[in-house]
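**Q** First, the structure itself, so that you have it in front of you.
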Amino acid sequence: MVDAAGRVVELNEAAVRLFPRAEPGASLAATMPGWLAEAHRVVGRPGAGAEPSRGQAGERSFEAYPTRVPGGNVMWWLVDATDRRRAETEPAERQRATFLAEASTALLSTLNIDRCTELAVRLAAEHLADAAVVVAPSVGDRLPVAFAVRGGGVLRRTVQADPVEVPGLSEALQGFPPVPARRVVPGELPSWAVPDAFSGPVGAVMVTPLPGYGIPAGALILLRRSDRPVFSENEEVSARLFAARAGAALSAARMYAEQAGITAVLMRELLPPRLHHVHGVDFAGAYRASVRSELIGGDFYDIHPGADESAESLVVLGDVCGKGLEAAVTTGKIRTALHALLPMADDHMRMLSLLNGALLNTESSRFATLVLASAVRAGDRVRLRLTSAGHPPPLVVRSDGGIEKAATHGDLIGAFSGVEATTAQVELAPGETCVLYTDGITEARGGPLGEAVFFGDQRLMDTLSECAGMPAEAIVERLQMLVAQWAGNREQDDMAIVAITAPHGERPKAAERYPRGRESRR
């Protein structure tokens, strides 16, 4: 703030830092730049407007805006306009800003590491040099490298080389500051560091790191032909700014790829198995997660084939409370525990009691409902032992279309200190089916008129009655299709279905039976 006589009245902290000699009572002309003192004299004249003035303060450009305050003083607001002025007066700065903005948008548009690498090397070759090379962190004694020449395509390969062969590359791969542009002796670079399509001897090289999140994402090598000028200081600045953006994008893409790889490995073990023939019994299953973008959730099913045709095969279908990844983790624990309890599969209650204790001893508060089905072929029929633990009882589809509920019920798992359940004995004649399902089927909301009512138990039984005599896989597909149509695009719970059918005719040959091992999974 300055009075009518040109003396400083007051300064804020920013003004003190900008004008260290200024203080209240000091002369504006003696302590401030001349352009600002002149602007104050102009503002003090009668009829003068309040237009901003422009000038330098040290190495910075400022715009000064006056505001008259009571008492005749003038408040000067100074706005740093250095970058804007530079952009207005230097076309190269405008071009650089535009290029960096477009490069950032392009690089961040993908999380595919290969696509991001190709974008980075091609943009560098087109806008920063005659050719560019992106060197990824080494894998043992090998370097993944991507090459691009201005106007050409991108070539990727892995080379067995030592980074010290390229001046500054070893340091750049460790994240050290960039190597300045320099003129090199033709042939000084190893052949692997020069793109095959590069024409003419190398005249200048610049090597700069690609900084990532905490660790380097690689290094960028820029090449210029000998008939071109070496890299200027401004070009080096542009290259470093581009490298910072490219490194961040490459690092994000690499992190995403690593996480996706880990997820895929874990997901493979959590996905339900693919069901077919097991020792003369037909099995079919289907699963859909509540969140369509996810593959796993809280519902699950498993099959554990018996040792031979005389031994029972165990089918497990369950529903963990909740949805999404957390429910899927509990699902994985239950499936692992049940696999360990297979030697006790002839005693359903023993298995359920031990599983209940295992869940109670974990930190998770999630509980689950289960149904166990032990199936074995007996002549042309299939004998089943069915035990429900807090789960909807299985439905038996007879050959005449009749539907029976298995007489089994019990306590859910992981909620109480003890478990009680009853086991039902069921026999399937050829063509008859036992259907295990989760409540995501009956509680699917929808309807042809959009009234969002439950699919319901009765509609489920009517649907299964129409499926009498159909193969297990056809029953599962039809039920899943009808429920999906009923629900439409509404948010739904996880759904799981397993059908166990006594097939018509002779038993399938050994080669047609359910393949055991990891290759049987989807």
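**Q** In region 72-90, what count of residues is obtained for those that are of a type outside the set (V, I, T), closer than 16 Å to H40 by Cα and either open to solvent by 80 Å² or more (accessible area, probe 1.4 Å) or in a strand (DSSP E or B) (or both)?
**A** Number satisfying all stated conditions: 4.
**Q** Of all the residues that make up region 375-410, how many are of a type in the set (G, A, S) and out of contact with any helix residue (DSSP H, G or I) (no Cβ under 9 Å at 6 or more places or on another chain)?
**A** 8
**Q** Moving to a separate point now. Going by the structure shown, is I413 among the aliphatic types (A, V, I, L, M), touching a helix residue (DSSP H, G or I) at 6+ places or on another chain (Cβ under 7 Å) and either exposed (fewer than 15 other Cβ atoms within 10 Å of the Cβ) or under 21 Å from S353 (Cβ atoms) (or both)?
**A** Spelling it out, I413 is indeed among the aliphatic types (A, V, I, L, M), touching a helix residue (DSSP H, G or I) at 6+ places or on another chain (Cβ under 7 Å) and either exposed (fewer than 15 other Cβ atoms within 10 Å of the Cβ) or under 21 Å from S353 (Cβ atoms) (or both).
**Q** Let me ask another. For residues in region 96-115 being of a type in the set (G, A, S) and in contact (Cβ under 8 Å) with a residue 40 or more places away in the chain, which is least open to solvent (accessible area, probe 1.4 Å)?
**A** Here the residue is A103.
**Q** Can I ask one more? Select the helices (runs of 4 or more DSSP H) contained entirely in region 1-71, then report the ones holding at least 2 residues which are touching a residue at least 60 places away in the same chain (Cβ under 8 Å), closer than 24 Å to R86 by Cβ and under 58 Å from the mean Cα position of the chain (by Cα).
**A** In region 1-71, the matching helices (runs of 4 or more DSSP H) lie at 13-18.
**Q** Could you grab me the full set of residues in region 230-255 that are free of Cβ contacts under 8 Å to residues at least 40 places away in the same chain and acidic (D, E)?
**A** Of everything in region 230-255, just one residue is free of Cβ contacts under 8 Å to residues at least 40 places away in the same chain and acidic (D, E), namely E233.
**Q** Please name all residue pairs, on different chains or six or more residues apart, with Cβ atoms under 7 Å, provided the first residue is in region 296-315 and is more than 21 Å from I334 (Cβ to Cβ) and touching a residue at least 40 places away in the same chain (Cβ under 8 Å) and the second residue is in a loop (DSSP other than H, G, I, E, B) and open to solvent by less than 10 Å² (accessible area, probe 1.4 Å).
**A** E309/G280
**Q** Examine region 389-406 for a residue that is among the small types (G, A, S), open to solvent by less than 30 Å² (accessible area, probe 1.4 Å), outside any strand (DSSP E or B) and under 16 Å from V498 (Cα atoms), and state whether such a residue exists.
**A** Checked against the condition, which is being among the small types (G, A, S), open to solvent by less than 30 Å² (accessible area, probe 1.4 Å), outside any strand (DSSP E or B) and under 16 Å from V498 (Cα atoms), region 389-406 yields at least one hit.
**Q** From the residues in region 171-185 that are open to solvent by 90 Å² or more (accessible area, probe 1.4 Å) and either more than 26 Å from G151 (Cα to Cα) or part of a loop (DSSP other than H, G, I, E, B) (or both), which one is modelled with the highest pLDDT?
**A** Q174
**Q** What single numbered condition from (1) part of a loop (DSSP other than H, G, I, E, B); (2) crowded, with 17+ Cβ neighbours inside 10 Å; (3) small (G, A, S) fails to hold for G151?
**A** All conditions pass for G151, except number (2).
**Q** Could you please find all residues in region 302-334 being of a type in the set (D, E) and touching a Lys or Arg at 6+ places or on another chain (Cβ under 8 Å)?
**A** D302, E309, E312, E326
**Q** Got at least one residue in region 303-316 being surrounded by fewer than 20 Cβ atoms within 10 Å (Cβ to Cβ), of a type outside the set (D, E, K, R), at pLDDT below 85 and not in a loop (DSSP other than H, G, I, E, B)?
**A** Within region 303-316 (the criterion being surrounded by fewer than 20 Cβ atoms within 10 Å (Cβ to Cβ), of a type outside the set (D, E, K, R), at pLDDT below 85 and not in a loop (DSSP other than H, G, I, E, B)), the answer is no, since none of the residues qualifies.
**Q** Turning to a different aspect of this structure: Those residues that are in a helix (DSSP H, G or I) and either acidic (D, E) or open to solvent by 10 Å² or more (accessible area, probe 1.4 Å) (or both), I need them from region 464-499; list them, please.
**A** Scanning region 464-499 gives S465, E466, E473, A474, E477, R478, Q480, M481, L482, A484, Q485, W486.
**Q** Still on this structure, please answer the following. Output the number of residues of region 424-452 satisfying the condition of being open to solvent by 60 Å² or more (accessible area, probe 1.4 Å) and either part of a helix (DSSP H, G or I) or farther than 16 Å from V382 by Cα (or both).
**A** Final tally of qualifying residues: 5.
**Q** Does region 390-399 include one or more residues that are under 37 Å from the mean Cα position of the chain (by Cα) and among the small types (G, A, S)?
**A** Yes, region 390-399 contains at least one residue that is under 37 Å from the mean Cα position of the chain (by Cα) and among the small types (G, A, S).
**Q** Residue pairs, Cβ under 6 Å, 6 or more apart or interchain, first in region 340-355 and within 17 Å of D411 (Cβ to Cβ) and of a type in the set (S, T, N, Q), second buried (at least 16 other Cβ atoms within 10 Å of the Cβ) and modelled with pLDDT of 95 or more. List them.
**A** From residues that are within 17 Å of D411 (Cβ to Cβ) and of a type in the set (S, T, N, Q), there are no pairs.
**Q** Identify the single condition in (1) open to solvent by less than 10 Å² (accessible area, probe 1.4 Å); (2) assigned to a helix (DSSP H, G or I) that M349 does not satisfy, given that it satisfies every other one.
**A** Against the list (1) open to solvent by less than 10 Å² (accessible area, probe 1.4 Å); (2) assigned to a helix (DSSP H, G or I), M349 comes up short only on (1).
**Q** When both residues are 6+ apart or on different chains and their Cβ atoms are under 8 Å apart, which pairs have a first residue that lies in region 406-429 and is free of Cβ contacts under 8 Å to residues at least 12 places away in the same chain, and a second that is open to solvent by 10 Å² or more (accessible area, probe 1.4 Å) and not β-branched (V, I, T)?
**A** E420/G410; E420/D411
The values are calculated or read from the model by the stated rules, or taken from the named source; none is laboratory data. Quick caveat, the model's predicted, so the values are computed rather than measured. In this analysis, Cβ positions are derived from the backbone assuming ideal geometry, glycine residues included, and neighbour counts consider all displayed protein chains. Just the protein is used for accessible areas: all its heavy atoms, side chains included, with ligands, DNA and RNA removed. Shrake-Rupley method; radii C 1.70, N 1.55, O 1.52, S 1.80 Å.
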